[in-house]
Structure formats: C-alpha cells, structure tokens
Amino acid sequence: MITSVDLANLIFPDISETISDLENKYPLRNLPLEAKVTRFAPSPTGFLHTGSLFTALIGYKLAKDSNGVFYFRLEDTDTKREVKGSDLELISQLATFNILPDEGMTLDGEKGDYGPYKQSERENIYKIVIKEMIKNNLAYPCFCSKEELDDLRKKQEEDNVVPGYYGIYAKCRNISPEEAYKRIKNGESYVIRFRSSGDHNKYIKVHDEIRGDLELSENDQDIVILKSDNLPTYHFAHVVDDHFMRTTLVTRGEEWLSSLPIHLELFDALHFKRVKYAHLPVIMKLDENGNKRKLSKRKDNEAAVSYFLKAGYPSEAFLTYLMSIANSNFEEYLIANKDKNYHDFKLSLKKMSLDGALFDIEKLKFFSKEYLAKLNKDDFTSLALAYAKEYDPKLLELINRDVNYFKSIINIERERVNPRKDYSCFGELYEGIKYFYHDEYLKLINESLIFNPNFSKELLINLLNEFKSLSFDKDEQTWFSALKEIAKKYNFCIDNKEYKLNPDKYLGNTANVAEILRIAVTSKSETPNLFAILNVIGEKEYLDRLNEVINILSK
C-alpha cells in the first residue's frame, strides 16, 4: 500500500534532511530580549519604489533602535516578472540612502549565517519543509490544469460563492496517495498545495503592531506552495524564510493584511513560532479629480526613488521626510531638538497613522532646504560633485573649472545663524549659479536682459557708468552708502518713509537702483546678497559685466 511517506519520497527522492536539521542549522539568534530582527525583502521586478524605501526605512530603524538585526533578502521566485539587473539596482539604491543591511544581500555579495539570502538559492530548504508536510498530510499534489481552474472559478462566480480552491472545490484534495503516486509516475504535471483546516465562515483574532487587535476570516484556501517549476510561492517561502532567518517583526504594506490568516495558519501548521506583523500605511497622492490613490509605478514619477535621486534630493533629507510620514510626533521632535536628526529619533509603531499619507513634494523641499542650508561649503561641494558626476554633466563642468570658486559661490550667506535656503535639490544648482561664470552670464544677458521699462536707456547707461566707481573691497555698509549717493544724485529717494509719502517727487528709491545693478551684474532681479556676489566675481569681472551691458544698451 502506497502511503504519504512513499509519495513524499517519490516527489523528493534526494531530500534526506528534516525540519529538525534546519532548526539546528539556523539556531535562534543570540540577541537582547527586546531586539528586533527585521528585513527588507523586495522582488527584483524593477526600480526601488518609494513605498518600498519607506518600508525598508521602518524595518531598518526598528532594528537599529533595539540593537537588533536588519537584513536584505531577495524574493526572486516569480521568474515571469523578474527584471534583469534590478536586484543590483535595488541593493545599490538602498545603499545610496545609507540603509545598509547587517547581513544578507550587499553590493559585495552575501554576508551572514542565515543564508542563502536569495530565495531562488533556497530551493533545498523549501523542499525539506514540503517533504515533511506531505508526509504529515499537510500538503498534497494537485493535478488540475489551468482550464480546469478557470472553469471552477467561472462556476463559483455563477453560484455566487467565495472563489478559490478549498473544501468541496478542492478537486485533488482527497486523492489517495496511491492515485497521486501513479499519476506522478505517469508524468502528469502537478503543483503542491497546502491542506488548510480553516473555515472562511469563522473568524480568528490577530494582532497587528500598528492596528492592534483585529478579527479576520479564517483561511480555508488550499494555496499553492510549490509551483510546477519547483519554485515556492510567496505565501509559503516568506513563512519558511522568516522562521529560519529568525525574523521577529515583518514590516510590509497594508495590502498584505488580507493574506495574514494564510500566513498565520502556515506558521501554526508547521509548529513555527509566529512572527509579529506591522502592516504599514501606503503612500498616497491626489489624482486629477482630487481623490486619494496609491502611488502608481505606471502613472507617477514620485513612485520611483530614482526620480528623486536624479533630481538631486539629498538622501538624508528624503529619509527625514519619510520619517515625518512614519510618526506624527517626529516634526515636533525636530523643533525641540534642532541639533538632532532622524537617526536620533526613537521610532514608534504606536504613533504610526492608520491612513495612507499623502506624498507632499513641498514638505520634502522644506526638509531638503533645511538640510542643505546646514551643510558647510566643503560637505555641500562633495555632495554636489557626487551628484553632478552621476546626473548633471553641465554642473560638473562648472564645478571642475575651479572647485574653490564654486565653494565661494555656495558659501554666500551660509556661515551665519540663519543661512540662506536657496536650493531644495542639487538639480536646481546649475540654473541657480551659472550667472557666476562669464560665458554663461554672456548668454543670459544676450538672451534676456530686462530692466524696469520706466527707466530710459540713457538713465540706465549713466547709472552703470556711475557704478564703476563703487569699491567693494571696503565693508558692506561703506559700499551701500556709496550706492545711495549715486541714487540720490539721479533723484532716487534714499529714505523709504519719505518715498512712501511723496513717490511722485522721485524716479524711484534706493531699492530700484540696487536692482538695476543686480540685473546688470547677474541678469536676475532676485539673488543672494549683492555685495557678496560682487566679492565672489571680483573687480575685473564686475567692470567687464558693466561694460557688456552698456554696449548692449547703446546699440
């Protein structure tokens, strides 16, 4: 008589190890009692999603805050959806954000004692577990074709019953080991299914580390655990991996909450200790109709972290923004602790929102400006160079002309209590600073040199000639006093109160004169401190620029 043991040996003839052997091979970790073991476990199906980075940050932070372990596992069993090379891109982009795993997949290969960390290389482990499941009547081979499954679903829809492969609809569930043995010997194709003991009409109490206690329908689906290509499904593989990698907390998107009963039933059936789950809120955005929807890989640039890297948002600023989504009290913490950052902040799952947070690009820009403004000129330049080498050849060319000159530009109004906050990302740098370079400046003034139309060309030329006498090697106050004298000479009011009372008596005020000089020297009406700009470009360049503009106006 053929038994389930014979069937298991037929399916896995080369498997001799047992679950007990795996327990010995992957022992419990020697960590403090409250330490969390978390993981980032993406599929290599494309770019690093903003939501995935958010999930990784939460797992990383919880592990670090508790002196635990954060590891990187690659879930690459869905070969149909795999994008070649995306595994390395995922690892690289995570490293760009300085989220470095303690073990698992790294840019230098795998490290750690609980591997392999690539699911496609853990085939033997899954087979060991499934072989025991078949022996213990927890799993069985299913010979149903795609057409049969399609017909089953169609009938269930017609009968208005819960769809799926379960109970009376599980056609292969009650096939005897003897019949299954014969069909396999005859070469029939099959998958392996888990034999569920649940009932979807009953409820189980589950606990989520964010949402608290919940009641969900029991799982009764006989899910596929091993596909016909000998690779496991996500539902099964992640349970086995999290157990033998000794994960204590799984952080994942709330879309997986409905699958929780499946995963908990698998843990219980295998007599594995359940891991804890925290189902994170998804990141949302407003659509064109003002309705909230999940960030879409197909529709939204913001869905890919590469979009922000190419734009030049600093990784620290981006993670700071994500932390503000994660915990409602994080911004209060930053206000109260101005010298601290997200690394110092103690993340709490209890303070995480249950609703999806709207992605707010303006808030990201705010955090980014704050971060960039606090950098000294050397650190700013290092980051700008790294960005330019990767994404912006025009900016790189400007920096490489003279790195110290670039630093002097960036340092304008930086070394003070409240530094300027001109840039929200490095992608804005080229346009923001190119007027400091003579050839770029010439292009700008020849393309668009716009003065106040109320001022005649004759007046502008006279003022520009007067500006040549300004000496900016003195202190700023002395320089500005000399500018005011020029303004006064040409009937511009140097007293704002007087100008407000009698504007018709004057051509304008000192601000108008300063703007004329600013536009002539930079081509822009808004810039950082003008006196500082003049000191950066130097006297010769200053005079050359005044002469260039005079020539243009004289034509």
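Within the assembled protein chains, the solvent-accessible surface assigned to Thr527 is about 20 Å², based on a 1.4 Å probe.
Out of Gly508, Phe467, Phe406, whose Cα points farthest toward the positive end of the dipole of the stretch 374-508 (charges: +1 Lys, Arg; -1 Asp, Glu; placed on Cβ)? With unit charges placed on the Cβ atoms, the residue in question is Gly508. Do any cysteines of the chain lack a neighbour Cys whose Cβ is under 4.7 Å away, and which are they? For the chain, the answer is Cys144, Cys425, Cys493, because their Cβ atoms have no other cysteine Cβ under 4.7 Å.
If you rank Glu17, Glu75 by how much accessible surface each has, with a 1.4 Å probe, what is the order from largest down?
Order by accessible area, largest first: Glu17, Glu75.
Note on exposure: Trp256, Trp479 ranked by accessible area (1.4 Å probe, complete protein assembly) read Trp256, Trp479, with the most exposed listed first. Matching the structure-derived mean projected area of the Cα convex hull in nm² against the labelled list [x] 32.2; [y] 26.6; [z] 35.0 gives the label [z]. Each Lys and Arg contributes +1 and each Asp and Glu -1, all at the Cβ; summed about the Cα centre of the stretch 119-186, the dipole is approximately 340 debye.
Only protein atoms count toward the accessible area here, which uses a 1.4 Å probe; on the chain, the carbon and sulfur part of that area reaches 47 percent. So which of Lys294/Lys443; Lys111/Lys421; Lys202/Lys227; Lys205/Lys299 end up more than 32 Å apart, counting from Cα to Cα? The answer is Lys294/Lys443; Lys111/Lys421; Lys205/Lys299. Built from the Cα atoms of the stretch 507-555, the convex hull projects on average onto 3.8 nm², one quarter of its surface area. The stretch 147-196 and the stretch 421-498 have Cα centres separated by 80 Å.
Could you give the dipole magnitude of the chain about its Cα centre, charging the beta-carbon of Lys and Arg +1 and that of Asp and Glu -1, in debye to the nearest 20? Don't skip to the answer; put the middle values down first.
On the way: 78 positive and 88 negative charges, 147 e Å.
Once rounded to the nearest 20, the dipole reads 700 debye.
Over the residues of the chain, the helix contribution to mean residue ellipticity at 222 nm works out to -13500 deg cm²/dmol, using -39500 (n - 2.57) for each DSSP H run of at least 4. Centre-to-centre, using Cα atoms only, the stretch 70-117 and the stretch 207-280 are separated by 21 Å. Residues whose amide H lies under 5 Å from that of Asp208, counting only those 5 or more places away or on a different chain, are Asp213, Leu214; hydrogens are built 1.01 Å from N in the peptide plane.
Each of Val5 and Lys457 was given a label point 7 Å from its Cα along the Cα-to-Cβ line. The distance between the two points is 10.5 nm.
Using the Cα centre of the stretch 1-149 as the reference point, and only Cβ charges (+1 on K/R, -1 on D/E), how large is the resulting charge dipole? Debye, rounded to the nearest 20.
Working: 17 positive and 23 negative charges, 67 e Å.
Magnitude of the dipole: close to 320 debye.
Estimated from the Cβ-Cβ distance and a Förster radius of 41 angstrom, the FRET efficiency linking Ile184 and Lys294 is about 0.45. Count charges around His279 for me, please; just the other residues with Cβ under 12 Å from its Cβ, Lys/Arg as +1, Asp/Glu as -1. Local net charge: -1.
For the stretch 27-134, what does the alpha-carbon gyration tensor say about shape, rounded, prolate or oblate, given a ≥ b ≥ c as the root eigenvalues, a/c under 1.5 as rounded, and a/b over b/c as prolate? Before the final figure, lay out each step's value.
On the way: a/c = 1.92, a/b = 1.05, b/c = 1.84.
Taking the square roots of the gyration eigenvalues as a ≥ b ≥ c, the stretch 27-134 is oblate.
The residues of the stretch 315-398 have, on average, 52 Å² of accessible surface per residue, using a 1.4 Å probe with all protein chains present.
Which of the listed residues, Tyr203, Thr106, Thr96, is farthest toward the dipole's positive end in the chain, when Lys, Arg count +1 and Asp, Glu count -1 at the beta-carbon? The residue sitting farthest along the positive end of the dipole is Thr96.
Between the stretch 352-375 and the stretch 12-60, the alpha-carbon centres lie 30 Å apart.
Within the full protein context, the accessible area of Asp360 is estimated at about 60 Å² for a probe radius of 1.4 Å. Stretched out straight at 0.36 nm per residue, the stretch from Lys555 to Tyr307 would grow longer than its current Cα-Cα span by 84.8 nm. When the surface is traced with a 1.4 Å probe over the full set of protein chains, Glu110 keeps roughly 80 Å² accessible. At 7 Å along Cα-to-Cβ for each site, give me the label-to-label distance between Asp439 and Asn404 in nm. Output for this residue pair reads 2.2 nm.
When the charge dipole of the stretch 120-176 is built from unit charges on Cβ atoms (+1 for Lys and Arg, -1 for Asp and Glu) and taken about the Cα centre, the candidate among Tyr166, Leu152, Pro141 whose Cα reaches farthest toward its positive end is Pro141. When Ser20, Ser86, Ser120 are compared by accessible area at a 1.4 angstrom probe, the order from most to least is Ser20, Ser120, Ser86.
The values are calculated or read from the model by the stated rules, or taken from the named source; none is laboratory data. Please read all numbers here as calculations on a predicted model, not as lab measurements. Because the Cβ atoms are built from the backbone with ideal geometry, glycine has one as well, and the counts that use them run over all protein chains shown. Heavy atoms of the whole protein, side chains included, go into the accessibility calculation; ligands, DNA and RNA do not. Shrake-Rupley method; radii C 1.70, N 1.55, O 1.52, S 1.80 Å.
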